[in-house]
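For reference, the structure is listed below as structure tokens.
The values are calculated or read from the model by the stated rules, or taken from the named source; none is laboratory data. These numbers were taken from a predicted model, which means no experiment stands behind them. Cβ sites come from the backbone with ideal geometry, for glycine too, and all protein chains shown count toward neighbours. Please note that ligands, DNA and RNA were not included when accessible areas were found on the heavy atoms of the full protein model with its side chains. Shrake-Rupley method; radii C 1.70, N 1.55, O 1.52, S 1.80 Å.
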Amino acid sequence: MHSSTSNFNRPIPRQPWRGMTVAVAVGILIAVTCWEVYCRSLGYEPTLNDTSDLWTEARRRVQPESIVIVGDSRPWFDLDLDELERGLMKRPVQLAQAGSCAFPVLEDLANDQQFHGTIICSIVPRLFFAPAGPPLEESQKAVQRYHGQTWAQRVSHELSVPLERSFAFLKQQELTLPDLLNDIPIPNRPYAQVPPPLPPYFCSVDRERRARMVEQCVRPGRLQTRVKNGWAALFTPPPPPTYVPTAAFVAKMQKAVADRFRNTGICVDKLRARGGKIVFVRFPVTGQLKKLEDEQTPRAQTWEPLVQQTHVPGIYFEDFPDLASFDCPEWSHLSAGDSVEFTKRLVPHLRQALQINSVAVK
Amino acid sequence: MLFNSLTFIAFFAIVLSLYWSMRSWNGRKNLLLVASYLFYGAWNPPFAALLFSTTALDFYLGRKMGRVKTPAERRVWLWISVAVNLSMLGFFKYGNFLLENFQWVLARGGIQYKPPHLDVFLPIGISFYTFHSLSYTLDIYRGVMQPTRSLRDFTLAVSFFPQLVAGPIVRAGDFLPQLEKPPQPQTGRFLWGLLLMTLGLFEKVVLADSLLSGSADRVFGYRGPLMALDSWTGVVAFAGQIFCDFAGYSTCAIGAALCLGFHLKDNFRFPYAAIGFSDFWRRWHISLSTFLRDYLYIPLGGNRRGPARAMINLIIVMFIGGLWHGAAWTFVAWGLLHGSYLAIERLIKAVVRPAPWMNSFGIQLLIGAITYFAVLVAWVYFRASDFGTASRLIGGMFGAHSRPDAILSTREILQVALVTIGLLIAHWSMRETSIEAVVQRLPRWVVGGAWFLMAGAIILTQGSSNAFIYFQF
């Protein structure tokens, strides 16, 4: 029988523990230093990781009358917070997330009884109307973290910030063990339905979650080509599942899209009922990616009905020559320099759409 | 607070510094108590009050049991303890499950009733700390220990932060004696504890979360028919993931306790090298299996009332064991499968006489392979969210689908295969020994090299880790 009053002692292996610990600690220090130097030699620089905790920190900054940016990676790259603050007289809060659907965040803000500010919502139809999958999960994860973040998670985040600001090798989504293994070129079975890889690292992120494209990606070269090649796979819808009849699957998708239209309208109405404002923005996209998006998600079937049904003012970059003249180096986002100029030019359109009449602060 | 978080590193460093710099043993125990409640309250502070209330009640009932003279009176106080602890567990963990099943039974009888959904949060680790606390009153009732006079010591025994939320299930009788005398500082014990924590984190962060969980999640999350290769890869990945996740937590807990001068027993002993199912349960989640054996199987009669009753007892115990893991019939199915395995094994042992050839390495390996295979089949029910997913996956494993899909990349398949082969080799080569004995035998450069590689891999994996699976139980 198990003794309930035992004086159990675990054996301690005999080894020269002190010397070994010192050797391991020194070895780790040297290895980490070498790895950091190597990562920097590849062009990586210290940057914050855009985690759910960083998003939660930004979400906490939202005040009842704040201007909030929601959506995908385009407003994340393309909007300069300083220029927006200058033009709209308030510093906006950046809540857009790469590869995500704006709807869960829009819904969360619409359900926040305290919030009656302004929302600048980016629309990339492929992401905004995504019925399920990673785009939706990414936003839902962030919203859940905001509502359920423990103080232990908050402390971990605070501790991670100075580390991430100091070490380039702490870049997640690119330099972690799983990502490094992912880069090993091993051919897949031709019939395997493997999700496309995400584009490689091409931005830095600051504490306010302002993303800036790295210079390596602005110039034509290997990184820019890799990023461009990544879009085609990500923006091409996967084939319908083999285990559901195609007609049933199509009907389900159509219903999901119709629901998204309707639910977006409900969110807009809730927000407006409290005096809030919202504007939809279609940010610049160029090259092959623009062709692909125009084919897959035509404006007439996505943007137009959304704006009409919700009665939300919309700014489509192509409709304005001053916004349409920008070139996206990797087809999807503006360079850090261009994002400042783009924001400057966007501000008057935003002011008009949001009916902001007072004089901008110079 | 997760072991694999920066908060825990800071928290543990502060606790260790204060703990070993204090001279007063009472002061150190008070510090550990505060630290443990801080550790637990980091998730949801009000649940710390719940933890304290059940602990205080068991302390009070234990004292009552110690004072009464007759077994009948002791039994009354025991039943109060069991009823309160299990009611608490039942309400938080099984409330909605019971209501849903009640609704289903009524619907079968033609009565339409929709019970209100209980909007309750599951207090993290409730299954573990309920058993920690319950072991105290059960052991006093059995007469194997005397009630403690210190509420502080008992509260610390239940809430000791290394083992509080995901085990091992440490019985008060194993821990309370260690609170009598202060442990002396020992460099070897402290650094061995740190090495064990590194090993545990390596298992969790690198093996479970980075190399195995992705494949398991994709396969178990897929709603369609899968090819045999993908199905098996997903199931094998989950088998590795749950071992590395849970054993990793236990190893961290043992290591953290050693750093503080406390000794916790092993919770795993290389279970995938088990030869037979009773052997498996002597190696897997040992603290739960011994708990169920001592407090349920033996009181039910164990094997003292004949082979048939012993088999029924085994199935009852494993049914409860399955339900302990979660409020879902899939967990019950997992438990019943293991109960059936144990019953069949007992039947075979009763019929087949042991012969020397059975002890040959080849036969032992064959039985080990059959055991591993059956354990894998049972894991399908443990991990699947519903029976539909489980049966689809079982079908996939045995090639039952006509147009199956392939969803895993070649890299994922290779990754799972390599980790699993490594895991099985490690388990089989160490099945008759302990990690301490192996480390003592190895040259220092091998131990130091392994420590360096594990720590390096953890740093390289940084930030991409998840919560421990067993937290939800």
In segment A:18-40, residues that are buried (at least 17 other Cβ atoms within 10 Å of the Cβ) and either more than 10 Å from chain B (Cβ to nearest Cβ) or under 13 Å from A:Phe169 (Cα atoms) (or both) total 3
Going by the conditions given, is A:Glu85 assigned to a helix (DSSP H, G or I), touching a helix residue (DSSP H, G or I) at 6+ places or on another chain (Cβ under 6 Å) and charged (D, E, K, R)?
no
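Take the conditions surrounded by 18 or more Cβ atoms within 10 Å (Cβ to Cβ) and part of a helix (DSSP H, G or I) and apply them to A:Arg154. Does it pass?
Criteria not met by A:Arg154.
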Matching residues in segment B:39-62 - criterion: being part of a helix (DSSP H, G or I) and either surrounded by fewer than 17 Cβ atoms within 10 Å (Cβ to Cβ) or of a type in the set (Ser, Thr, Tyr) (or both):
B:Tyr40, B:Pro45, B:Pro46, B:Ala49, B:Leu50, B:Phe52, B:Ser53, B:Thr54, B:Thr55, B:Ala56, B:Tyr60
Read through the list (1) open to solvent by less than 20 Å² (accessible area, probe 1.4 Å); (2) assigned to a helix (DSSP H, G or I), then give the number of the only condition that A:Lys141 fails.
(1)
Sort out which residues of segment B:182-226 are open to solvent by less than 30 Å² (accessible area, probe 1.4 Å) and among the basic types (Lys, Arg), and write them in order of number.
B:Arg189, B:Lys204
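So that you can scan it fast, the table gives a plain yes or no per residue for (1) within 9 Å of chain A (Cβ to nearest Cβ); (2) without any contact (Cβ under 8 Å) to a residue 24 or more places away in the chain; (3) assigned to a helix (DSSP H, G or I):
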| position | (1), (2), (3) |
| --- | --- |
| B:Gln146 | yes, no, no |
| B:Asp153 | no, no, yes |
| B:Pro182 | no, no, no |
| B:Pro185 | no, no, no |
| B:Leu194 | yes, no, yes |
| B:Leu207 | no, no, yes |
| B:Ser215 | no, no, yes |
| B:Gly234 | no, no, yes |
Right, A:Ile12: within 14 Å of another protein chain (Cβ to nearest Cβ), assigned to a loop (DSSP other than H, G, I, E, B), open to solvent by 30 Å² or more (accessible area, probe 1.4 Å) and among the β-branched types (Val, Ile, Thr) or not?
yes
Can you name every one of the helices (runs of 4 or more DSSP H) wholly within segment A:265-362 that holds 2 or more residues which are open to solvent by less than 10 Å² (accessible area, probe 1.4 Å)?
A:287-296, A:303-310, A:336-353
Looking at (1) among the polar types (S, T, N, Q); (2) open to solvent by 60 Å² or more (accessible area, probe 1.4 Å); (3) under 26 Å from the mean Cα position of the chain (by Cα); (4) within 14 Å of chain A (Cβ to nearest Cβ), find the lone condition where B:Ser402 falls short.
(3)
What about B:Trp20, is it crowded, with 19+ Cβ neighbours inside 10 Å and either of a type outside the set (Lys, Arg) or in a loop (DSSP other than H, G, I, E, B) (or both)?
no
Pairs returned, first residue in segment B:436-457 that is more than 7 Å from chain A (Cβ to nearest Cβ), second residue that is surrounded by 16 or more Cβ atoms within 10 Å (Cβ to Cβ), beta-carbon separation under 7 angstrom, 6 or more apart or interchain, are B:Met454/B:Thr198; B:Met454/B:Leu199; B:Met454/B:Phe202
Taking the criterion of being open to solvent by less than 20 Å² (accessible area, probe 1.4 Å), farther than 20 Å from B:Ala384 by Cβ, under 14 Å from the mean Cα position of the chain (by Cα) and touching a residue at least 24 places away in the same chain (Cβ under 8 Å), would at least one residue in segment B:238-246 satisfy it?
no
Checking B:Leu418 against (1) closer than 30 Å to B:Phe319 by Cα; (2) assigned to a helix (DSSP H, G or I), which test does it fail?
(1)
The conditions are (1) part of a loop (DSSP other than H, G, I, E, B); (2) in contact with a helix residue (DSSP H, G or I) (Cβ under 6 Å, 6 or more places away or on another chain); (3) open to solvent by 20 Å² or more (accessible area, probe 1.4 Å), and B:Lys265 fails exactly one of them. Which is it?
(2)
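Could you check segment A:265-285 and list, in sequence order, the residues that are in contact (Cβ under 8 Å) with a residue 24 or more places away in the chain and among the hydrophobic types (A, V, I, L, M, F, W, C)? Reasoning before the result, please.
Taking segment A:265-285 first, the residues in contact (Cβ under 8 Å) with a residue 24 or more places away in the chain are A:265-268, A:270-271, A:274-285.
Selection gives A:Ile266, A:Cys267, A:Val268, A:Leu271, A:Ile278, A:Val279, A:Phe280, A:Val281, A:Phe283, A:Val285.
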I need a count of the residues in segment B:172-181 that are surrounded by fewer than 24 Cβ atoms within 10 Å (Cβ to Cβ) and among the aliphatic types (A, V, I, L, M).
2
Confirm whether B:Val120 is within 20 Å of B:Gly173 (Cβ to Cβ) and either open to solvent by less than 30 Å² (accessible area, probe 1.4 Å) or modelled with pLDDT under 90 (or both).
no
From the list B:Val158, B:Val84, B:Val76, B:Val144, pick out the single residue that is in contact with a Ser or Thr (Cβ under 6 Å, 6 or more places away or on another chain) and at pLDDT 90 or above.
B:Val158
With A:Arg226, A:Arg207, A:Arg222, A:Arg212 as the choices, which residue is touching a Leu at 6+ places or on another chain (Cβ under 9 Å) and either open to solvent by 50 Å² or more (accessible area, probe 1.4 Å) or not β-branched (Val, Ile, Thr) (or both)?
A:Arg207
Can you confirm whether B:Val375 is surrounded by 13 or more Cβ atoms within 10 Å (Cβ to Cβ), within 14 Å of chain A (Cβ to nearest Cβ) and among the hydrophobic types (A, V, I, L, M, F, W, C)?
no
Pairs under 7 Å by beta carbon, first residue over 11 Å from B:Glu412 (Cβ atoms) and facing chain B (nearest Cβ under 7 Å) in segment A:179-190, partner among the basic types (Lys, Arg) and part of a helix (DSSP H, G or I), six or more apart or different chains?
A:Ile184/B:Arg411
Of those in segment B:160-180 that are assigned to a helix (DSSP H, G or I) and under 22 Å from the mean Cα position of the chain (by Cα), the residue farthest from B:Asp58 (Cα to Cα) is B:Pro162
So which residues in segment B:276-290 are polar (S, T, N, Q) and free of Cβ contacts under 8 Å to residues at least 40 places away in the same chain, if there are any at all?
B:Ser289, B:Thr290
Return yes when B:Tyr272 is within 11 Å of chain A (Cβ to nearest Cβ) and of a type in the set (Ser, Thr, Tyr) and no when it is not.
no
Restricting attention to segment A:162-178, and to residues there that are out of contact with any Pro (no Cβ under 6 Å at 6 or more places or on another chain) and aliphatic (A, V, I, L, M), which single residue is nearest to the other protein chains (Cβ to nearest Cβ)?
A:Leu177
Can you find even one residue in segment B:363-371 that is among the polar types (S, T, N, Q), outside any loop (DSSP other than H, G, I, E, B), surrounded by 13 or more Cβ atoms within 10 Å (Cβ to Cβ) and within 24 Å of the chain's Cα centre (by Cα)?
yes
